[in-house]
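One structure below.
The values are calculated or read from the model by the stated rules, or taken from the named source; none is laboratory data. Values in this document were obtained by computation on a predicted structure and should not be read as measured data. Here Cβ is always computed from backbone atoms with ideal geometry, including for glycine, and neighbour counts include all displayed protein chains. The protein model used for the area step is the full one, side chains on, heavy atoms only, and it has no ligands, DNA or RNA in it. Shrake-Rupley method; radii C 1.70, N 1.55, O 1.52, S 1.80 Å.
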Amino acid sequence: MPDLRRDANLQDADGFYADLLAVHDGLTKAESDALNARLILILSNHIGDAEVLSQALHDAAATAGRQD
Amino acid sequence: MSKIFEIPLYPYARHPDQDDNVVRRHKVIVVGAGPVGLALALDLASRDIPVLVLDENDRVSFGSRAICFAKRTLEILDRLGCGDESVDKGVTWGRGRVFFDEREIYEFDLLPEDGHKRPAFINLQQYHLEKFLFDRVQALAAAGKPIEIRGRNRVEAIGAHDDHVRLEVETPEGPYELQADWLVACDGANSPTRRMMGLDFVGRVFEDNFLIADVIMQAEFPTERWFWFDPPFNRGQSALLHRQPENVWRIDLQLGWDIDVEAEKRPERVIPRLKAMLGEDVAFELDWVSIYTFQCRRMARFRQGRVLFAGDAAHQVSPFGARGANSGIQDADNLGWKLALVLAGDAPERLIDSYNWERVYAADENITHSTRATDFITPKSEISQIFRNAVLDLAARHPFARPLVNSGRLSTPSIYDDGPLNGNDATGLPQRTRPGAPLCDAPVAEGWLLDCLPSGFALLAINIDCPKGISCDGVVLTTLSLSTDGNHALAARYLGEAAGAIYLVRPDQHVAARWLGFDKAAIEDAVARATART
């Protein structure tokens, strides 16, 4: 059964991060929320494997965000 | 001309039971002459089990109710003897289209496969189906089968005992009492039987109102299910359009929660809504308008001693997916043969517990599907709205997103995986016909496979020699010998890569067990299990 990759796997971490912000440039909050949702769906489909997705959902939910 | 639902079909008539000094005991009393009650009564009577149906009314149910009847329901109706009438009268369809905002985002085909007698769906007003079922009741009665309907007989009180049920029945000429070995409540979502017995019916309430309008119009829309998310004519809400026979169209518009229900039902409010949807120039006539809300819920148990619950009385779902009436008719299909075997002394009473297991399983599946569809159609939070719209935005251009679009997962029969009656499975045979699954239709030399099945247990002997007329302690198996020579559909659905197989099929056409070769002892074991003898 495949596991969610938890090691660093991005080929160009800084470049990806810059691209991620760039696609949000000039968008309203609502537009950015919609883009993020589309991105999550596209990436989830690429992963496909139910067990990996379940682990990813769990990791995301279990990481407490900063409370502002 | 009177409408069909205005004509008394089974008017009240005094019965000798009402004048008897002793209380008459009946084998099976069914409460409610809706589609579920009538289907069950037909099933029992066709097995020569005496059945009495009591209904507080004397005619088919009126107004706009169930309209979509699924392939499995049509196959059951074939077995009960009114499949052809239903399909001939109904509108056959199998394609759906989904719209978002102002554009079409995709279409889908519900049965993209040949080799089935019946289509994915027909649309037919519930009152037509009830009339066909009632006609069939009359035909069976005329042929001497033990079936009877008493109109305007309302059950007022129920006394549940270990081995029978006592009923107090109100009629236009006063009350009388009856007893039944078994009582089956098919008396709808507001089941008086359930209420009288003080039984729970808990689940989730959805805070939303939906306007149903059946309109009569000459329109160019194709015979398809059209579903809109957030259309210009009903902003922020959903809409559904479906064709019914006789130029009647079903329109279902989501209205939201905070509305004035009485005001929204008035023609001066309804007609502008419909014109916005259909176009200003389309002439139509309102046939029926109502506003409904719904819940997804079920009873904890469908068996309470000698009282059984079926259809909406036992479980309720949202209308998205056509899982209400279809699952109710499958309840009847599941229960009829079991009651018949128990009453004939061929199976122990615990066989009836498998009705509870299998149909609770099906109800949970239906509730899950219909709850998920409702959550997609009417998002309850900002983030669920964002994801819903993201799915719809992607679906137009990206096929991967289409399986996520949920405008209702349309009714398919449950497969009773791990069910208490399931016997042996053989590795390598196709998944779709595994134990617990309903048989999958296929063309055969005589016509259609499902039409060839007997009313009792059957053995399908596919490419394997198998004796005829095997008897297992009073249960006689009818052997159907089949060959896959030149029959790719039969081979694909029942053999896969195997050279041959034996299938044991229950009277409700679900697979009980299957093997790669003939083994009489194994078959006897599986029959014992399928009849709850072991």
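A compact table of results
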item: Subset of region B:357-390 [within 14 Å of chain A (Cβ to nearest Cβ) and under 29 Å from the mean Cα position of the chain (by Cα)]; result: B:Phe376, B:Pro379
item: Single residue of B:Gly96, B:Gly83, B:Gly90 found to be at pLDDT below 95 and open to solvent by less than 30 Å² (accessible area, probe 1.4 Å); result: B:Gly96
item: Region B:391-419 residues that are away from chain A (no Cβ under 14 Å) and under 23 Å from A:Ile42 (Cα atoms), paired with ones that are among the basic types (Lys, Arg) and buried (at least 16 other Cβ atoms within 10 Å of the Cβ) (beta carbon under 8 Å, 6 or more apart); result: B:Arg409/B:Arg372
item: Count - residues of region B:165-175 that are open to solvent by less than 30 Å² (accessible area, probe 1.4 Å) and either not aliphatic (A, V, I, L, M) or not assigned by TED's automatic domain parsing to the domain that holds B:Asp55 (or both); result: 2
item: Enumerated helices (runs of 4 or more DSSP H) restricted to chain A, each holding at least 3 residues that are open to solvent by 90 Å² or more (accessible area, probe 1.4 Å) and either among the polar types (S, T, N, Q) or within 14 Å of another protein chain (Cβ to nearest Cβ) (or both); result: A:29-47
item: Residue under evaluation B:Asn463, criteria (1) at negative phi; (2) free of Cβ contacts under 8 Å to residues at least 60 places away in the same chain; (3) touching a Gly at 6+ places or on another chain (Cβ under 8 Å), criterion not met; result: (1)
item: Unmet criterion (only one of (1) open to solvent by 20 Å² or more (accessible area, probe 1.4 Å); (2) part of a loop (DSSP other than H, G, I, E, B)) for B:Phe400; result: (2)
item: Some residue of region B:42-54 being within 30 Å of B:Ile216 (Cβ to Cβ), open to solvent by less than 10 Å² (accessible area, probe 1.4 Å), touching an Asp or Glu at 6+ places or on another chain (Cβ under 8 Å) and not in a loop (DSSP other than H, G, I, E, B); result: no
item: A:Val52 in contact with a Leu (Cβ under 6 Å, 6 or more places away or on another chain) and not polar (S, T, N, Q); result: yes
item: Residue selected from region B:131-162 under the condition in contact with a Gly (Cβ under 9 Å, 6 or more places away or on another chain) and not hydrophobic (A, V, I, L, M, F, W, C), by the criterion nearest to B:Ala66 (Cα to Cα); result: B:Arg136
